[in-house]
1. 5 Å is the cut-off here: which amide hydrogens, built 1.01 Å from N in the peptide plane, fall below it relative to Ser679, excluding neighbours closer than 5 in sequence?
2. List the lysines whose alpha-carbon lies under 22 Å from that of Lys230, not counting same-chain residues fewer than 8 positions away?
3. Calculate the spin-label point distance for Lys591 paired with Glu954, positioning each point 7 Å from the Cα along the beta-carbon direction, and give it in nanometres.
4. Using the Karplus curve 6.51 cos²θ - 1.76 cosθ + 1.60 with θ = phi - 60°, work out ³J(HN,Hα) for each residue of segment 830-839 in order, rounded to whole Hz, and write x for Gly and Pro.
5. Assign one of three labels to segment 73-216, namely rounded, prolate or oblate, based on the Cα gyration tensor with a ≥ b ≥ c the square roots of its eigenvalues; rounded applies when a/c is under 1.5, prolate when it is not and a/b is larger than b/c, and oblate otherwise.
6. Per residue of segment 907-917, in order, report the coupling 6.51 cos²θ - 1.76 cosθ + 1.60 (Karplus, θ = phi - 60°) as ³J(HN,Hα) in whole Hz, putting x for Gly and Pro.
7. From the phi of every residue in segment 133-144, what ³J(HN,Hα) in whole Hz does the Karplus formula 6.51 cos²θ - 1.76 cosθ + 1.60 yield, where θ is phi - 60° and glycine or proline is x?
8. Report the accessible area of Glu571, computed with a 1.4 Å probe over the heavy atoms of all protein chains in place, in Å² rounded to the nearest 10.
Amino acid sequence: MIILLLLNQTETDLSSLLHARDKGGPPKTGSATLYVTITDANNQIPKFNKTNYQTRIKEDEPIGTVALNVLATDIDSTSLLRYYIKPGSHLARKPDGSNIVGTFQYDYTKAFIIEPLTGVIKTNMTLRRDGAAEISFIVVVEDTKAEDNKPQTAEASVLIIILGRNDTTPYYDGKRADTDPRYYFQLPENTAVDNLITSLQAIDPTGLPINNYVKVPGSGDLDNLFRVDKLNGQIFVSKVPDYEALRNKLQSFKVRATTQDGIRYVDATVNIEIKDVNDNPPVFIHKNYTFRIPEDKDFTYEIGPVIARDADGGSFAAIEYSLFDPVHNDFMIESNQYKEGIIRVKRNTSLDFEKVSVYNLLVFAKDNLPTSTDRQTASVKVTIFITDVNDNYPQFTRPSYSFFTVETFDIGVSVGLITATDKDKDNYGEVYYYFEDIPGTKPATQYFEIEQATGLIKIKSSLQGTAANSPYRLYVRAVDNPEGAPQLSNITTVSINVSSGQIDEGRPVWITPKATNEYMIQENSPPNTVIVTAEARARTPGAGIIYSILYNDDSRLFKINNVTGVVTTTERLDREQKQDYVILLLGVDSKNSSLQSTNLLKVKVLDENDETPSFRNCPDVKYARPEIVSVYEREPRDTFVFKAKACDRDLYPNNQVMYDFYSPEGHRNCFANVSESFSLDASTGIITTRKVLDRELQPSYLLCVRAIEQRLNGRRKRQTYNFTNENEDTILFLHVNILDINDMRPTFPYTLINDRIFDLPQSDKVTQVQAYDGDSSEFNKIRYTITNVMLKDSDGRVIPIYNTPFNIDPATGMISVALRSYVTFVGGYFNLTVRAEDSKNISMWDSVVVRIFVLKAYYQVRVVIPTDRFGDDVQGYVDQMLNELNTKYPDFLFKDTITRYHKTLTGSSIDRTDVCMVVIQKDKVLDSYQATRELNKINDVLRKYGSVSTGPCEPVSTARLEGWVAFWWVLVAFAIFIFVATLILIYAIWALYRNYRNYMNTQKTYLVQ
């Protein structure tokens, strides 16, 4: 007998009455009762009575308060259920509905706990609505007695909304627990007016928005540096802060937010510290410096201080001095403890007044520390005059002198002329002559005397009877600087032969030249030009005169006819070399050579217009080559630049000099067309500006100033110039540096920058913006700030952002991420308004919009190109391809992400190169499928650059499916189809099973009957 039972899983015990009948006749029957006990198998999955739970709880509820109770059931009789919160399932939102990223400020994951046996969820910490207004997580229930160790679990989602406490006092976002909320910010000085500092957001627990923010009168900010926007609580700069002018560097004031009923309010203290920036250049206390030092000073000698001061504070006020001497490099400068620049003589320097008498230097002062890149510079002109010292000895023109005289000559008659020269100037170069008494020598000085100023030796007393002791030796000392100390001197010997003469009519008498007369000769007169005819008369009857010239320095330029006495020149005389000559003439009696007499001939050379002007002829001016001068840009027209001075050694009126600019064609130094920028006064040599100069257009000029002789009576001397020789004396090379002022504002070369980041950034750096300031390094420092952030999400909504999710380096313009994750923003983009302002003048600025798209890494698509197509410059090749794509298809933006060797499932192939990129169309990032489709449409450009295939940047798991990754949507659709089909199949099986059970119940009744 077979008994078929249809068991109902809700029944645990069954009983049935069984009847038996045999087939005999009459049949016999019997009956029995069958009892069946069903033992339960733990094979059912627990189920929550709801799949989603939601509740509300006030933030001021104590720890341990029950939030809600989740409940699950398991029909197995042997089940034992345990509840727990699924790790990593927590999500939280702020009161404004935005997602909370991170738990650093408020760890919402620990806000609730669940009792494992009952499913009761309780508070585990003090709740804060400002920390998290909504907390959601997943609760898991598990049957701990499941058979065969197969997990039997179910999940339900829980959303708990945190309500504000009953206190309706408004509070500032994130500061609800603070009874005295305070904010601290740092602001660099010179920040522009209307620059946003921060946004304060107050919250009304009643849920109404607060749109009434004011700065509390009398609470601070006496200088009115800041203003508060009444509607949104934004704090702006209202007056440019100047660190140096502020007494209080920490500005403090209160901001009051008042609710819409006008009764409730909350105050917050805002502290803004004004930070110093290096906005003040060093300033020298004098416009120029002049020093005088003797030429005998050497290494370490302190010439004098130059002093610059900087109005900034701290390290910005540090001063570093440097010295610029382009010609000689004879000096150095060092700083002392008083921030003075001490100019000293450099090592191995030998000053010489006779070689260089004037130094024109430039001293530069730089502020801030040497390691800083933000330094400002000032310069000042320093003139050092080298004063003469008595360092040159008088030098005699001959090693010794020998003269002749007669003992019958009268007292006062000239014997001979001693000459010595001294290279020193002024008093130090004046030479005076004295007899030196040498012990043991003959008493010659009692007979002869010497004129101290001229060196002329004359008879002092009667020479009668002195011929017997002839010759007489004298020692003449030439001494310079008679009034100064020390005096330098030199000594020479003079031998004088005294002849006895004859007792006759006596020595000759001079008629011509007269001692009081000067005889003139035109300079450059040809040799043998007659100056005068000398005449002397002999006292010896019938005797004549034999003429000659006694030797001295001047005598070589003249000769005399020994018979006629005609004095002529031996060569052309140059007045500029020497103007006055003194010649000692000797007349000898032709019958008695012992009868002699001398006479002085004074010759004066008259000037001829034979000299050309020269910039090297002026004794009071020494020019460097080139001479360096400076003038500031933007100065008005006719600003003084320089005064050129050349000298003509001729005498007036032959020495009048005129000036002009000279620029011969093809000359490698002189600037052409300088008269467009500069004016030159032809008579004074004063150079001024003809127009407003712009350093950014022309930073320097090399002016060639020519000195020419002024026309006299319509005539000018002919001058020739050799400009291939840079030592040409008639040309002054003037290097004019145009000093910079802060007149150029920063400018961006573009108005929009597009870039991208991944939802999980792989690097802190995003992109770098760079503005250009045409000023010099002293004024071209740029400060970058993000002034506005706007988010356009994946649904196209435009959302203002007040707490920027990006940072920017103010010095370099490098934009970096401020969040660890941008998953919430995938599919959208940020518009950052970046402002570049001049660090020294914030009124000069420019801005650019940086658009940053947020995408997932698998959005990248790649173009595969043979490696040999790239050449040496791989990135240049990629840039060229992308530029052509962006130009030809302006509706798209192609942005490369990585260039690498071709990646496959088994490794890399060096024969091919992957150029991975993202494709953006109409401000929307395309996924890899969409991007591949669009690239295949425009493959004309890609083929030009050697593209062999396109597809997702990362290879797929199966080599054959590498191209199918782009068709992920097909796979998703197929999976959905399988899922739906499975549901239908399950339902069909369940329906069949139900029909079968109904049928078996019917059969059971029949069997019992």
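The values are calculated or read from the model by the stated rules, or taken from the named source; none is laboratory data. Just so you know, these numbers come straight off a predicted model, no measurement behind them. Glycine also receives a Cβ, built like all others from the backbone with ideal geometry; neighbour counts cover every protein chain displayed. Side chains included, ligands, DNA and RNA excluded: accessible areas come from the protein's heavy atoms. Shrake-Rupley method; radii C 1.70, N 1.55, O 1.52, S 1.80 Å.
1. Thr688, Thr689, Arg690
2. Lys175, Lys215, Lys239, Lys254
3. Here the answer is 13.9 nm between the modelled labels.
4. Going residue by residue, I get 9, 10, 9, 8, 9, 10, 10, 10, 5, 5 Hz, with x marking Gly and Pro.
5. Judged from the Cα gyration tensor, segment 73-216 comes out prolate (a/c at least 1.5, a/b above b/c).
6. For segment 907-917, the Karplus curve yields x, 10, 10, 7, 6, 10, 10, 8, 10, 8, 8 Hz.
7. 8, 9, 10, 10, 7, 10, 9, 10, 10, 10, 7, 6
8. Only protein atoms counted, so the area is about 80 Å².
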